[in-house]
Structure formats: C-alpha cells, structure tokens
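One structure is given below, encoded as structure tokens.
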Amino acid sequence: MRVHFAHVESVSQDLSGLVESFGEIAKPMSMDFELTSNSHKPRVLIMVSKIGHCLNDLLFRHSTNQLRIEIPLIVSNHPDFQSLADTYKIPFLHLPVTAATKADQEAKILELVKEYKIELIVLARYMQVLSPVLCTAMSGKIINIHHSFLPSFKGAKPYHQAYDRGVKIIGATAHFVTSDLDEGPIIEQNVVRVGHSLSPKELTIEGSNVESNVLATAVKWATERRILLNGAKTVVFN
C-alpha cells in the first residue's frame, strides 16, 4: 500500500515524530513501513559508458525539475561525457575498468555510494555487467535500461537480434538489477512500431527515444516511492 497525505498546519509534529507514533501501531502487527517527506530529493548516482542519450535526457529533466532528485555525481568507465557533465555543473568521475580491475572499481563505487549518501544508482546505458557483490550490496537500489522488450533479446546487441528476427516492434525495459543478467524485476516498458526496411543502426535510432522515456519514468516512480518489490515482480502505484 502507498498513501500520500498532506500535513495539517495546526499539528506540530515533524516526520520523526510521525515515524515514532506510527511505529507504536505497526509493531504489534509486525508491519514494515516507511514514511518520507515529499520535499526530500533522493540522491541519485548515474553511471554511463559511451552511449549518452539516456544520460542527456535525465540531466535535462533534472535541470527542468521534471525529476525531483539530486545528482551529486556521474560515474563512467569512459571519459566521453565529461563536457556534458560540466555543462550541467555536475561532478564527473572516470573510473576505467578491466577484468583485472573490476573488483577494485566496484569497491570504489560502493565507497562513493557511502560518501555521497547515494539512495539510487541508475545505469544509463552503462555497458558493464555488475558483479554479484555490487548487486547484493545495492539490492533494490539499482535501475538499468535494457534496449529491448524483455524477456525478448537479452544480452548484447538486442537491436541486431531484433533485425535478424524481422520484428515489427522494438522496445525498452527498465528493471531493477540482480546478479542474473537482464532478469531483474521489471519496472516499466514501452514499444514503437518499425518497418522491415530498417537496418540495425536505424533500429537503434528509433529505439533511443523509447529507452530515454522508459528510464526517466522508472527513475521518477522509484524516487517518488511508487514501486514495491514483490519477489520477481514489482507493484507500481502510478
């Protein structure tokens, strides 16, 4: 259940007082609950590789208050989007990664999560598979955008897979990240119709807008506390 209520001006009780008061009701029923203020802007770490349309879209929406979040840091395994981050005056950290340095790189990410008080990690086309260690440490707090309509075309080059099958629609899926690749609970999906004449490159272009919109919607829902995890599924109050 999700309830959104307004504070009564005549009642002088802050959020911590409400949590304490409701806790007395919840305890006898072994109830799990969370109370957050609508004024709170969740702190979001964005991670990206070399494809920037999702990053650019999130930064624009953030700058125009379409997303009520704080973005204290952008992390990438490539230096390509330093200038974009500078445009929005957001710190950018280049953390290169190889098979030999992956564990150290992810340990650094977890340090940054603690240092910057990160509440959500968004993989805006971050093209590295996260280790089970990082997935477990941030369980339910990492959102990925996959450029296909899952469960179809998992893994690498889904647009090429779609082209080979001659699909008539392509899509995008935002999901929570688990240690099983592209298997996490689905948050949001959308599709666009395509013709048989489009090349894999043209399919990629058509799909980019869908990816951006789906990811932005998922981030909005997550940071507005509209998503409940329910095993391998999600419940979204939209």
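The values are calculated or read from the model by the stated rules, or taken from the named source; none is laboratory data. Only a predicted model underlies this, so the values are computations on that prediction, with no experimental measurement involved. Glycine gets a Cβ as well: all are built from the backbone with ideal geometry, and neighbour counts include every protein chain shown.
Hey, among F22, F81, F60, which residue is touching a helix residue (DSSP H, G or I) at 6+ places or on another chain (Cβ under 7 Å) and either under 13 Å from Y126 (Cβ atoms) or of a type outside the set (A, V, I, L, M) (or both)? Spell out the reasoning first.
Values: F22 fails: touching a helix residue (DSSP H, G or I) at 6+ places or on another chain (Cβ under 7 Å); F60 fails: touching a helix residue (DSSP H, G or I) at 6+ places or on another chain (Cβ under 7 Å).
Among F22, F81, F60, only F81 is touching a helix residue (DSSP H, G or I) at 6+ places or on another chain (Cβ under 7 Å) and either under 13 Å from Y126 (Cβ atoms) or of a type outside the set (A, V, I, L, M) (or both).
Quick one: which residue in K50, K27 is closer than 25 Å to V3 by Cβ and of a type in the set (D, E, K, R)?
K27
Out of I90, I74, I25, which single residue is touching a Phe, Trp or Tyr at 6+ places or on another chain (Cβ under 6 Å) and free of Cβ contacts under 8 Å to residues at least 40 places away in the same chain?
The conditions single out I74.
Here is a list of conditions, (1) more than 13 Å from the chain's Cα centre (by Cα); (2) part of a helix (DSSP H, G or I), and V129 meets all of them except one; can you say which number that is?
Single failed check for V129: (2).
Mind checking which residues of the range 133-163 are of a type in the set (D, E, K, R) and touching a Pro at 6+ places or on another chain (Cβ under 9 Å)?
Matches in the range 133-163: K157 only.
What strands (runs of 3 or more DSSP E), lying completely within the range 142-231, carry at least 2 residues that are of a type in the set (A, V, I, L, M), without any contact (Cβ under 8 Å) to a residue 60 or more places away in the chain and touching a Gly at 6+ places or on another chain (Cβ under 9 Å)?
169-176, 186-193
Applying the selection to the range 56-110, what residues are closer than 19 Å to P132 by Cα and among the small types (G, A, S)?
A99, A100, A103, A107
Table: residues versus (1) of a type in the set (S, T, Y); (2) farther than 17 Å from L58 by Cα; (3) in contact with a strand residue (DSSP E or B) (Cβ under 6 Å, 6 or more places away or on another chain).
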| position | (1), (2), (3) |
| --- | --- |
| V129 | no, yes, no |
| S139 | yes, yes, no |
| T173 | yes, no, yes |
| G184 | no, yes, yes |
| T223 | yes, no, no |
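Taking the condition of being under 17 Å from G52 (Cβ atoms) and in a strand (DSSP E or B), how many residues in the range 65-81 meet it?
5
Which of the residues belonging to the range 27-64 are outside any loop (DSSP other than H, G, I, E, B) and acidic (D, E)?
D57
Conditions: (1) among the hydrophobic types (A, V, I, L, M, F, W, C); (2) buried (at least 21 other Cβ atoms within 10 Å of the Cβ); (3) under 14 Å from S152 (Cβ atoms). I169 meets all but one. Number of the miss?
Of the numbered conditions (1) among the hydrophobic types (A, V, I, L, M, F, W, C); (2) buried (at least 21 other Cβ atoms within 10 Å of the Cβ); (3) under 14 Å from S152 (Cβ atoms), the odd one out for I169 is (2).
Among the candidates S148, S212, S179, which residue alone is modelled with pLDDT of 90 or more, under 22 Å from I51 (Cα atoms) and not β-branched (V, I, T)?
Checking each option against the conditions leaves just S212.
Quick one: how many residues across the range 218-238 are surrounded by 18 or more Cβ atoms within 10 Å (Cβ to Cβ) and closer than 21 Å to S148 by Cα?
Initially, the range 218-238 is screened for residues surrounded by 18 or more Cβ atoms within 10 Å (Cβ to Cβ), giving 218-219, 221-224, 227, 234.
Filter again for closer than 21 Å to S148 by Cα, leaving 218-219, 221-222, 234.
Number of matching residues: 5.
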